[in-house]
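Notes follow once the structure below has been shown.
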């Protein structure tokens with residue numbers, strides 16, 4: 001076959017492969033076997049290898065090509081990629097509609113409901129019908145260019161499809177008088193100019209199982225759920241890794257004027273252009289129909305091949321949706337009607353007790369493993385004796401466990417009808433499980449407390465608390481355990497008296513590591529006042545309260561001698577906290593430990609504490625591991641510039657700083673439309689004026 005014939009054959013093969021891709025991913029009805037389709041792709045590959053100059057960027061063979069990328073460039077979205085407000089009940093959905101009707105009393109509201117996929121929002125840009133750019137949502141305005149990776153997803157066409165005349169005629173007839181027919185025909189027949197389609201990249205449950213099977217064979221850690229795995233996959237620098245994991249894609253919107261006037265029409269246009277869409281969407285005349293759709297999808301969610309966490313309810317008419325406008329980063333015209341918090345049933349195998357730094361005994365339910373929201377749950381806090389009594393819980397009971405978002409799993413109900421008679425009642429012990437000393441419960445309090453100040457568990461927890469508060473890195477729980485067991489450390493001050501020779505006696509230490517840890521400890525002899533106060537371990541005095549106290553008093557001496565009126569006068573310090581501080585300062589053992597610490601450390605008050613800065617009025621969350629500094633150091637830098645720190649993501653969060661292995665906080669931030677900063681972006685933000 002000469003070059004002219006080869007060129008013609010290549011063109012035909014590309015056309016046929018594109019057609020079968022449409023059948024497979026959009027129609028879900030491949031008319032030939034996958035083996036036959038693979039054979040066509042293989043023939044195309046061989047012909048292109050024979051004539052490399054005939055290879056084009058939109059060829060099916062070019063889904064994976066080239067060397068791994070060195071990084072991702074930024075992409076400015078022409079139109080912001082918005083997040084959607086959550087609703088969790090019919091009542092909240094009704095309230096949403098009432099707000100819309102107040103804004104547009106004459107508006108005619110019908111709705112287009114679609115599946116809320118548990119994936120990653122993506123933007124696909126086509127020029128003259130050719131896929132030229134794919135980007136993540138990022139902060140809504142600026143995302144990352146992941147074109148190479150998205151090209152590996154077979155569901156995403158490299159060239160937009162041109163519908164047949166019959167298909168176009170059917171589309172126009174179906175929506176006659178409801179759209180701009182001339183513009184629609186132009187889009188379908190010419191693909192002229194820029195066409196942007198947005199949608200969700202996701203990983204199916206089957207693919208996750210296949211990936212985890214390979215992970216297991218290699219002895220590697222398993223991936224927790226499809227969404228997190230998809231997120232990590234999209235950000236791979238090697239596109240071949242992305243191709244191997246076989247992500248998929250559903251389109252759900254278009255950016256620009258393409259002649260359509262409703263969300264329903266847009267969905268059908270997306271499919272005709274060759275981009276898959278979820279077939280479970282539904283046009284609903286009112287919220288009653290939306291609620292029925294929500295109920296149906298919730299009932300069938302476990303049988304679906306992908307993960308989802310609710311439905312998206314859109315005002316169907318585009319002009320009305322546009323008139324309703326945007327609030328912050330969310331359009332008024334849509335809500336994400338979420339499913340109830342995920343629950344599961346399991347059996348309480350036993351109830352264990354943990355002993356904290358204040359001596360409080362906390363009962364913890366040891367559970368038969370149950371998977372909730374993609375994570376395996378084996379423990380749940382029972383809080384205290386009264387909570388166990390309220391639940392009527394016994395060891396061996398079948399229980400309902402709930403886990404929602406970042407919330408710690410909790411037992412919410414005991415299924416007493418499933419009891420066999422072999423269940424055992426649980427009683428708080430009379431003695432500490434760690435040191436066998438008597439325990440007590442003060443009148444009016446729920447906590448049961450070990451009375452032995454020298455209890456190993458309390459010592460360990462206290463030392464770990466100081467280490468964390470002072471941000472001494474490298475001094476982990478296992479090392480502290482050894483230090484206590486060998487008698488090197490019995491109270492916080494003794495940390496700073498350690499010598500390299502002491503550390504050499506610990507398991508796993510050599511001269512270099514001992515000297516390194518000793519240097520790290522010594523570098524923390526100078527400590528900021530708020531860290532010092534937090535490190536004392538006073539009940540009810542957390543990190544933020546310690547900052548408030550440091551700002552108010554300015555020195556350890558003023559703080560330690562403050563009376564209850566002075567303490568209560570501080571914003572954020574109530575009567576309970578004030579009384580806890582007074583009681584702590586009256587204790588002779590605590591006073592001695594405080595004095596011992598002051599002999600070995602120098603307490604300072606940062607000049608920036610309490611002053612306004614360029615971050616004033618912003619709220620920050622840090623997740624994952626940072627390379628350039630510890631998370632505590634990052635928090636200090638943010639606070640020094642006037643920002644507030646929070647441990648949980650909410651709609652009030654301004655920025656989330658994401659290090660390595662960011663976890664579920666990143667997921668929540670993206671869903672809420674919170675601005676996410678990678679470490680480099682964070683460093684740039686804190687160093688620029």
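Every read-out reported here was derived from the displayed coordinates using simple, explicitly stated rules and does not represent laboratory data. In this text the structure is predicted, and so the values were computed from the model without any measurement. Ideal geometry is used to build each Cβ from the backbone, glycine not excepted, and the neighbour counts take in all protein chains shown.
The length gained by stretching the chain between residue 585 and residue 322 to full extension, at 0.36 nm per residue less their Cα-Cα distance, is 88.6 nm. Compute the separation of the alpha-carbon centres of region 506-568 and region 72-108 and state it in Å as a whole number. The two parts, judged by their Cα centres, are 45 Å apart. Taking every Cα-Cα distance in region 509-628 and sorting them into 10 Å bins from zero, the calculated P(r) comes out as 11, 36, 32, 17, 4, 0 percent.
The calculated FRET efficiency for the pair residue 288 and residue 99, based on their C-beta separation and a Förster distance of 22 Å, comes to about 0.75. When the square roots of the Cα gyration tensor eigenvalues are ordered a ≥ b ≥ c, the ratio a/c for region 619-687 is 1.5 or more and a/b does not exceed b/c, which makes its shape oblate. By the count of neighbouring beta-carbon atoms within 10 Å, fewest first, 462, 422 end up ordered 422, 462. Remark: C-alpha extents of region 540-689 on the principal axes read 48, 31, 28 Å, sorted largest to smallest. The overall shape of region 219-301 is oblate: from the C-alpha gyration tensor, with semi-axes ordered a ≥ b ≥ c, the ratio a/c is 1.5 or greater and a/b is no larger than b/c. For the chain, the Kirkwood estimate of the hydrodynamic radius, built from every pair of different alpha carbons, is 29.6 Å. Going from the residue with the fewest nearby Cβ atoms within 10 Å to the one with the most, 111, 496 rank 496, 111. Compared with the dominant principal axis of the Cα atoms in the chain, helix 511-522 is inclined by about 80°. Helix 3-25 axis versus longest C-alpha principal axis of the chain: approximately 60°, rounded to the nearest ten. With n ≥ 4 as the cut-off for DSSP H runs, can you work out [θ] at 222 nm for the chain, using -39500 (n - 2.57) per run divided by the number of residues, rounded to the nearest 500? -11500 deg cm²/dmol, from helical runs alone.
The DSSP beta bridges internal to region 619-687 are antiparallel in roughly 10% of cases.
Using the Cα gyration tensor of region 332-444, with a ≥ b ≥ c the square roots of its eigenvalues, what is the shape: rounded (a/c below 1.5), prolate (a/b larger than b/c) or oblate (neither)? Prolate shape, in that a/c is at least 1.5 and a/b is the bigger ratio. Counting neighbouring Cβ atoms within 10 Å and putting the fewest first, the residues 441, 547 line up as 441, 547.
Annotation: the antiparallel percentage among DSSP beta bridges lying fully within the chain is about 80. Relative to the longest principal axis of the Cα atoms of the chain, helix 631-640 runs at roughly 90 degrees.
Each Cα pair under 8 Å and six or more residues apart adds its separation to the average, and for the chain the resulting relative contact order is 10 percent.
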